[in-house]
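Right, one structure below, let's go through it.
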Amino acid sequence: MHDQAISPGERDDLRTQAAVIALILAEHPTLLTLDDVLIEIGGGDDAVPRAVRDLTAVGLLRQDGGSVLATRAALAFDRLPL
């Protein structure tokens with residue numbers, strides 16, 4: 001994707017983000033809470049909440065009340081034949 005080196009911490013963050021978005025997309029249209037995502041993905045630190053925050057910031061997720069949802073853009077991308 002890009003040629004810049006990724007630190008181990010960044011790589012872990014990207015893997016967590018990938019796991020979070022994959023889970024949200026796989027479960028769509030079922031609504032998941034942040035707690036649901038934490039249970040499914042695991043992790044005792046703040047990696048999952050940070051991933052949700054970062055994916056929300058770039059427009060792939062949104063939070064509505066207690067639910068974490070894929071945006072229309074994420075759903076459209078998920079439907080593309082790659």
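Results for (1) farther than 19 Å from Leu75 by Cβ; (2) of a type in the set (Asp, Glu), shown as yes or no for each residue.
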site	(1), (2)
Arg15	yes, no
Ala19	no, no
Leu23	no, no
His28	no, no
Leu32	no, no
Asp35	yes, yes
Ala47	yes, no
Gln63	no, no
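Of all residue pairs spaced 6 or more apart or on separate chains, none has beta-carbon atoms under 6 Å together with a first member in region 2-22 that is more than 23 Å from Thr71 (Cβ to Cβ) and small (Gly, Ala, Ser) and a second member that is open to solvent by less than 100 Å² (accessible area, probe 1.4 Å) and assigned to a helix (DSSP H, G or I).
Of the residues in region 40-58, at least one is open to solvent by less than 40 Å² (accessible area, probe 1.4 Å), modelled with pLDDT under 95 and more than 12 Å from the chain's Cα centre (by Cα). Of all residues assigned to region 4-24, none qualifies as being part of a strand (DSSP E or B), open to solvent by less than 50 Å² (accessible area, probe 1.4 Å) and hydrophobic (A, V, I, L, M, F, W, C). Taking region 25-38 as the range and being open to solvent by 90 Å² or more (accessible area, probe 1.4 Å) and over 14 Å from the mean Cα position of the chain (by Cα) as the test, only Pro29 passes. The set of residues from region 59-82 being surrounded by 15 or more Cβ atoms within 10 Å (Cβ to Cβ), small (Gly, Ala, Ser) and in a helix (DSSP H, G or I) comprises just one member, Ala74.
The values are calculated or read from the model by the stated rules, or taken from the named source; none is laboratory data. Since the model is a prediction, treat every value here as computed from it, not as a measurement. Using ideal geometry, Cβ is built from the backbone for each residue, glycine included, and neighbour counts are taken over all protein chains shown. The protein model used for the area step is the full one, side chains on, heavy atoms only, and it has no ligands, DNA or RNA in it. Shrake-Rupley method; radii C 1.70, N 1.55, O 1.52, S 1.80 Å.
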